[in-house]
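The values are calculated or read from the model by the stated rules, or taken from the named source; none is laboratory data. Small disclaimer: the values here were computed from a predicted structure and weren't measured. Heads up, the Cβs are rebuilt from the backbone with ideal geometry, glycines too, and the neighbour counts pull from every protein chain shown.
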Amino acid sequence: MAILPIRRAGDPVLREKARRIRTIDKSILKLIDDMWETMYDAPGVGLAAPQIGVSLKLVVIDVHDPKHEKIALVNPEIVKRSGERRVDEGCLSVPGFRGEIVRSVKVLAKGIDPYTGKEVRIKAQDDLMAEALEHEIDHVNGILYIDYLPNPGALIALNDAPEVRR
Ligand code: NI
């Protein structure tokens, strides 16, 4: 396993629409191992492959919530979402900042579990998992949370306050 450098906003790879993964082979499983290690090292609660410079539809999420197991998802998609809520969000690719944006209350996502090869559906409601699913799936579609800010001045510099990053 390896800890890989995390790309920052401004890097074009973060703005690409990532490619679908056709075959979950050894190289994909190794990439996932590296993503877990990089995410935990950061530390963050989620990481998408474009954040380490790989333009593939692949995300890992661990929100440390007994309601939600940690999960790697290949070709993840939002199936359904509803409701609106304000969240205070951050991103490993936008270090040192956070911002308040609107996310969904209920999220249903799907993707392939790389360890079983089977499709899984994940439901989350009004919690960090719901936010992380939307945030990471945005990453594989070239979207950053800062895109949802009403204006660039709405980005808030972090002081020493604890943060949740993804
Ligand atoms: Ni992010």
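Which count do you get for residues in segment 88-115 that are within 16 Å of the ligand (Cβ to nearest atom), surrounded by fewer than 18 Cβ atoms within 10 Å (Cβ to Cβ) and charged (D, E, K, R)?
Qualifying residue count for the region: 2.
Could you run through segment 116-152 and say how many residues are within 16 Å of the ligand (Cβ to nearest atom) and surrounded by 14 or more Cβ atoms within 10 Å (Cβ to Cβ)?
Residues flagged as within 16 Å of the ligand (Cβ to nearest atom) and surrounded by 14 or more Cβ atoms within 10 Å (Cβ to Cβ) within segment 116-152 amount to 21.
Report yes if Ala48 is touching a residue at least 60 places away in the same chain (Cβ under 8 Å), within 12 Å of the ligand (Cβ to nearest atom) and within 16 Å of Ile112 (Cα to Cα), otherwise no.
yes
Evaluate the following for Val74: is it within 15 Å of the ligand (Cβ to nearest atom), crowded, with 20+ Cβ neighbours inside 10 Å and at pLDDT 95 or above?
The answer is no for Val74.
Would you point out which residue out of Val94, Val59, Val63, Val54 is out of contact with any Phe, Trp or Tyr (no Cβ under 7 Å at 6 or more places or on another chain) and part of a strand (DSSP E or B)?
None of the others qualify; the one that does is Val59.
Pull up segment 77-87, narrow it to residues that are within 24 Å of Arg20 (Cβ to Cβ) and either of a type outside the set (D, E, K, R) or not in a strand (DSSP E or B) (or both), then point me to the one that is nearest to the ligand (Cβ to nearest atom).
Selected residue: Ile78.
Which residue, of Asp34, Asp11, is over 19 Å from Ile143 (Cα atoms) and of a type in the set (D, E, K, R)?
One residue alone meets the criteria, Asp34.
Residues in segment 57-71 that are within 15 Å of Asp113 (Cα to Cα) and either surrounded by fewer than 17 Cβ atoms within 10 Å (Cβ to Cβ) or of a type in the set (Phe, Trp, Tyr) (or both): how many?
2
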